[in-house]
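What follows is a short report on a single structure.
The values are calculated or read from the model by the stated rules, or taken from the named source; none is laboratory data. Small disclaimer: the values here were computed from a predicted structure and weren't measured. FYI the Cβ positions are ideal-geometry reconstructions off the backbone, even for glycines, and counts take in every protein chain you see.
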Amino acid sequence: MGQVEKTVFLSYRRANIPWALTIFQNLKRHGYDVFIDYKGIASGSFERVILDNIGSRAHFLVLLTPSALNRCREPGDWFRREIETAIDLQRNIVPIFLKGFGFKSPQIASQLTGKLAALQSYNGLTVPADYFDEAMARLRKSFLNVSLDTVLHPVSDAAILATSDDQEAAEAAPQVTEAELTAQEWFERGCALSNPKEEMRCWNETIRLDPNFGLAFHNRAGLFGDRDDLEAALSDYNEAVRLMPDDPSSWVFRGVTRRKLGDEQGARDDFAQAYGLAPEATHQFLIENGHVPIPVPAELKAALSDPDKAVRDNAEKALELWEVSYRFSVDDDMDLGRKYNVMLRILGEAIDHFPKFATAYRKRGELYVALLDHKSAVPQFTKAIRLNPRDAHAYSERGWARWRYGNGNTVAALRDLDAAVRLEPENWLFLENRGRIRRDYGDFKGARADFDEAIRIKPDHASCYYERALVLKHLGRRADAINDFEMYLDRERTTGYRDYHEEENARTLVRELRKTKKYAVG
């Protein structure tokens with residue numbers, strides 16, 4: 001017989017934090033141990049903390065609003081991954097349906113692919129704002145008061161340390177008001193609309209009820225911009241930036257608005273802020289929308305003008321800035337080869353100043369790999385590993401370089417990937433790369449096991465299916481190979497990854513496999 005557990009993981013979108021927080025506070029008052037990512041876990045430990053906490057708690061509550069599943073088809077979406085992890089671990093999954101959510105909605109149904117489709121089979125609970133206390137009493141009595149036989153996993157010490165401040169902040173947060181919850185309902189109603197007039201009404205009502213709702217200001221600013229009411233748009237973007245200083249999109253769109261109003265310096269300052277928060281996404285947006293030249297943050301300009309001083313002041317920060325500078329050149333006329341050479345010179349400066357700076361050696365090795373000089377890359381990774389034996393990425397990169405460099409280094413490459421996987425067993429890229437090397441070495445069963453695990457961890461990444469399909473084809477599992485090639489082609493199309501050579505090869509192999517009249521059993 002199982003026992004009744006009072007441990008809960010609360011999964012939600014950041015836009016719905018008032019709902020998440022009020023559910024958290026209610027359950028805590030009734031003696032439940034609840035995990036909520038409230039302030040945001042540091043990026044370096046985020047994955048381990050989240051997965052550990054799902055594994056250590058019996059109940060998994062998932063907050064479902066009309067917009068909650070919108071990004072679930074994007075690669076690496078953590079909301080989806082949290083749900084799929086709970087399904088894999090057979091937790092007591094309880095969907096919390098907020099106003100306007102329905103599985104039959106075409107927009108919502110389109111997101112229910114793969115494992116996520118199983119979400120429809122779980123018994124859930126509707127929680128209206130005006131009957132919140134009654135709904136929570138039913139949640140505790142009917143949904144959480146159940147005996148479980150599930151195996152719980154202990155939370156690691158690192159995960160406990162990483163979450164302690166976050167959980168204390170959630171417990172100390174002010175009580176969420178009914179007005180804030182009603183504001184959430186108006187916001188979700190606006191997200192589901194395509195009529196600008198009705199959307200404006202929803203954003204106005206959201207902000208009236210909750211003047212601190214940053215996303216509502218951001219969305220209303222967009223409508224003002226569409227009307228060419230730039231002053232009103234700027235006023236709302238000012239509020240969005242104040243309320244959500246870590247949101248790069250608000251900085252970007254305020255910069256666009258400022259540029260339209262003739263405030264060029266203000267636009268550049270805003271773009272620089274966005275650039276610092278999300279360099280790749282900001283770079284892509286600015287290029288696609290004709291906002292050039294790319295603005296350069298002042299600290300990056302200073303670091304490039306005096307690399308010696310930048311390294312002496314803060315070597316780690318200097319490398320971060322220089323990595324940005326070579327990936328998204330401050331000089332649009334600088335060709336790729338010149339950028340790589342500049343980065344090699346900068347890394348050399350860092351190593352001269354700090355000869356035990358392991359990260360600099362690894363980054364120099366990565367640059368040699370980018371230049372296809374695998375022979376020069378290997379000693380750099382070796383030096384990084386000697387200085388920091390727990391650098392999983394250095395092992396992985398050295399193994400990859402050894403494999404690509406060839407000359408009988410496959411065994412050594414596998415040893416390196418084994419070490420990388422031991423250090424970071426949930427890193428799907430390490431597993432995928434080890435699978436490729438194992439396949440090259442003739443260990444097809446080992447390769448399949450690696451690709452299986454990589455897909456479990458990263459189910460939306462196209463190349464994992466392609467690589468596994470090649471192994472399944474070799475093993476004679478034709479039906480399974482066809483299925484994986486088709487899964488690959490579907491993800492290649494929907495996630496934006498495009499490798500046209502692989503695409504054509506996959507289509508050709510599917511046609512060849514379909515010529516066989518009788519498939520092997522999958």
Open item on the list: Can you report the number of residues in the stretch 217-262 which are under 19 Å from Thr282 (Cα atoms), among the hydrophobic types (A, V, I, L, M, F, W, C) and outside any helix (DSSP H, G or I)?
Closed with: 1
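Which of the residues that make up the stretch 456-471 are in a helix (DSSP H, G or I), touching a residue at least 40 places away in the same chain (Cβ under 8 Å) and surrounded by 20 or more Cβ atoms within 10 Å (Cβ to Cβ)?
Hits for the stretch 456-471 are Tyr466, Ala469.
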- [ ] Quick one: which residue in Glu492, Glu486, Glu453, Glu502 is in a helix (DSSP H, G or I), modelled with pLDDT under 80 and either under 21 Å from Arg73 (Cα atoms) or among the small types (Gly, Ala, Ser) (or both)?
- [x] Glu492
TODO: Just one of (1) surrounded by fewer than 20 Cβ atoms within 10 Å (Cβ to Cβ); (2) not in a loop (DSSP other than H, G, I, E, B) trips up Asn433, so point out which.
DONE: (1)
Task: Pairs, first closer than 13 Å to Phe217 by Cβ and assigned by TED's automatic domain parsing to the domain that holds Asn219 in the stretch 178-206, second of a type in the set (Val, Ile, Thr) and crowded, with 22+ Cβ neighbours inside 10 Å, C-beta under 8 Å, six or more apart - done: Ala183/Thr206; Phe187/Thr206; Gly190/Thr206
Open item on the list: Consider the stretch 115-126. How many of its residues are more than 24 Å from the chain's Cα centre (by Cα) and either touching a residue at least 40 places away in the same chain (Cβ under 8 Å) or not assigned by TED's automatic domain parsing to the domain that holds Pro66 (or both)?
Closed with: 1
Open item on the list: Just to verify a result, which residue in the stretch 182-216, among those that are in a loop (DSSP other than H, G, I, E, B) and not polar (S, T, N, Q), is surrounded by the most Cβ atoms within 10 Å (Cβ to Cβ)?
Closed with: Phe213
Open item on the list: I need a count of the residues in the stretch 98-112 that are surrounded by 18 or more Cβ atoms within 10 Å (Cβ to Cβ) and either of a type in the set (A, V, I, L, M, F, W, C) or not in a loop (DSSP other than H, G, I, E, B) (or both).
Closed with: 3
- [ ] List every residue pair whose Cβ atoms sit under 8 Å apart, with the two residues 6 or more apart in sequence or on different chains, where the first one lies in the stretch 263-281 and is in the same structural domain as Leu234 (by TED's automatic domain parsing) and part of a helix (DSSP H, G or I) and the second, anywhere, is at pLDDT 85 or above and of a type in the set (Gly, Ala, Ser).
- [x] Gly266/Gly255; Ala267/Gly255; Arg268/Gly255; Asp269/Gly255; Asp270/Gly255; Phe271/Gly255; Ala274/Ser249; Ala274/Gly255
Open item on the list: Looking at the stretch 111-151 only, could you name the residues that are of a type in the set (Asp, Glu) and more than 18 Å from Arg91 (Cβ to Cβ)?
Closed with: Asp130, Asp133, Glu134
Task: Neighbours by Cβ (under 8 Å, 6+ apart or cross-chain): first from the stretch 352-379, farther than 12 Å from Arg398 by Cα; second among the basic types (Lys, Arg) and surrounded by 15 or more Cβ atoms within 10 Å (Cβ to Cβ) - done: Ala358/Lys383
